[in-house]
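Please treat every number below as a calculation from the coordinates, not as lab data. On a predicted model such as this, the values are computed, not experimentally measured, just so you know. Note: ideal-geometry Cβ built from the backbone for every residue, glycine included; neighbour counts use all protein chains shown.
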């Protein structure tokens with residue numbers, strides 16, 4: 001049974017890499033932005049008809065697609081890949097563990113455990129919706145898509161739908177919630 005226990009050193013390394021990766025991403029993202037004078041100059045050169053409106057704004061940001069931004073994109077890709085591999089191994093291990101205890105627990109308990117694991121996996125997959133906006137943003141920036149503002153609006157709508165989709169997945173994958181909805185529908 002000890003085969004399914006994660007080594008505390010690995011847990012510490014995952015925690016450390018998550019915290020340091022988040023801080024490193026924040027710092028590099030801050031460094032990839034242009035200074036206030038550079039932003040105004042950029043607007044003056046590229047969008048002279050908006051210059052007066054931008055110069056009156058106190059709070060706006062322009063990010064240049066430079067080496068630091070590429071570094072952020074590569075780092076995020078590596079992090080997403082590593083976490084996907086880790087969670088895939090974890091999910092496979094959970095299903096293997098569940099198959100191993102199938103003969104040791106009652107059929108009803110096995111079905112409950114299996115439903116709980118499937119619900120958790122579905123919620124994890126739903127949580128990956130949070131990755132769509134940053135990945136889409138990077139793709140829009142790298143491809144120099146002319147109408148990237150529309151893409152960003154769509155990505156923000158997807159991000160805003162996350163909690164609704166997550167709640168729907170929770171209801172659809174949890175037998176007790178699903179049963180409540182069926183009873184409620186039959187009463188109507």
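Summary of computed values
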item: Residue of 147, 162, 113 that the Gaussian network model of the chain assigns the largest fluctuation, springs spanning Cα pairs under 10 Å; result: 147
item: Value at 222 nm in deg cm²/dmol, rounded to 500, when DSSP H runs of n ≥ 4 in the chain each add -39,500 (n - 2.57); result: -26000 deg cm²/dmol
item: Segment 65-187: Cα Rg divided by the 2.2 N^0.38 Å rule of thumb; result: 1.43
item: Euclidean distance between Cα centres, segment 11-30 to segment 170-188, Å; result: 40 Å
item: Rounded to 10°, Cα long-axis angle of helix 67-100 versus longest principal axis of the chain; result: 0 degrees
item: Most fluctuating residue given options 101, 151, 121, as computed from a GNM of the chain linking Cα atoms under 10 Å; result: 101
item: The chain: most fluctuating residue of 139, 91, 105 per GNM, C-alpha cutoff 10 Å; result: 105
item: Point-to-point label distance, residue 77-residue 144, nm (Cα→Cβ direction, 7 Å offset); result: 1.8 nm
item: Helix axis angle, 175-187 relative to the chain longest principal axis, alpha carbon, degrees; result: 90 degrees
item: Tilt relative to the chain, helix 8-32 - C-alpha long axis, 0 to 90 degrees, to 10; result: 20 degrees
item: 5 Å-binned pair-distance histogram of segment 40-116 (Cα, whole percent); result: 3, 12, 12, 9, 7, 8, 7, 7, 6, 6, 6, 6, 5, 4, 1
